[in-house]
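The values are calculated or read from the model by the stated rules, or taken from the named source; none is laboratory data. Computed from a predicted model, the values in this text were never measured in an experiment. Methodologically, a virtual Cβ is constructed for each residue, glycine included, from the backbone with ideal geometry; neighbour enumeration extends over all protein chains shown.
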Amino acid sequence: MTQQKVAPVKTVSGNMPPTYDEASGGCPAYVYVDPEHGTFHWDDKNVRRVFVRKVYAILMLQLLTTLGIVATFTFCMPVKFFIQTHPGIYSLSYMFFFISYITLACCGDIRRKFPWNFILLTIFTLSMSCMLGFISSYYNTKSVLLCLSITAMVCLCVTLFSFQSKVDFTSCDGLMFMVCMVLLFSGIIMSFTVPFGYVPWMHAVYGGVGALAFTLFLAFDTQLLMGNKQYAMSPEEYVFATLSLYLDIVYLFSFLLQIFGGHSE
């Protein structure tokens with residue numbers, strides 16, 4: 001995530017394009033290599049369009065994979081019975097999810113290096129899909145279909161709004177932090193009510209706060225992807241951009257399940 005105004009034009013000696021570290025100069029700016037004039041910058045519409053197409057192409061593959069696994073775990077009764085009687089699958093999936101997510105989020109060199117970035121992203125997607133499918137298997141099929149439909153409509157509306165709106169969500173980092181704190185403290189309060197049993201209205205309120213939070217994060221990350229606001233995401237970070245959008249959508253779906261989901265009998 002970088003400021004749009006810091007994009008100095010430098011001269012590249014020789015015919016070799018600059019490395020990522022040389023191009024970023026300590027603050028990864030928009031870099032685009034011009035072989036004729038030996039200059040580079042990333043504030044280029046063609047580069048940004050290619051970046052956006054790449055991110056959404058990977059994201060669509062992730063979402064289709066997740067949809068297929070969730071549908072299998074929810075609608076196929078033998079699979080549903082198997083995973084509910086083997087909860088260790090969830091723990092194993094969580095372990096792979098945690099390792100792959102920490103590696104992609106914290107190790108920038110690995111995140112930008114092919115093919116390791118795609119291998120880790122595949123592991124992350126499969127493990128997250130299995131976790132989500134495991135959770136969805138405990139809800140009835142109508143609730144899962146309803147939440148999938150709502151998630152798809154919300155994502156479409158938020159994406160179109162973020163593309164067209166003049167409101168700069170990337171400059172609202174203070175607001176996003178406050179939303180995170182509200183979500184955190186709501187989760188802490190919820191944890192104290194677990195020993196006293198299921199409280200429907202409290203879970204619904206918590207689900208509503210979470211759904212609102214990740215709807216805002218989806219708008220925030222979409223505008224970072226577009227790069228036409230105060231802050232933008234580097235085109236080198238297509239894996240991280242995909243990761244952010246995918247998590248926003250998945251968490252939005254999981255919180256909607258808490259609001260509208262009816263547990264299986």
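Taking the conditions exactly as written (part of a helix (DSSP H, G or I), surrounded by fewer than 13 Cβ atoms within 10 Å (Cβ to Cβ), modelled with pLDDT under 85 and of a type in the set (Ser, Thr, Tyr)), does SER191 satisfy them or not? Answer is yes for this residue. Look at (1) assigned to a helix (DSSP H, G or I); (2) surrounded by fewer than 19 Cβ atoms within 10 Å (Cβ to Cβ) and you find that LYS166 fails only one, number (1). I'd like the residue in the range 77-101 that is surrounded by 13 or more Cβ atoms within 10 Å (Cβ to Cβ) and under 18 Å from TYR139 (Cβ atoms) and, out of all such residues, is nearest to the chain's Cα centre (by Cα). Within the range 77-101, the match that is nearest to the chain's Cα centre (by Cα) is SER93.
Out of TYR231, TYR238, TYR246, TYR251, one residue alone is touching a Gly at 6+ places or on another chain (Cβ under 9 Å) and not charged (D, E, K, R). It is TYR251. The set of residues from the range 118-144 being under 16 Å from the mean Cα position of the chain (by Cα), crowded, with 20+ Cβ neighbours inside 10 Å and of a type in the set (S, T, N, Q) comprises THR125, SER127, SER129.
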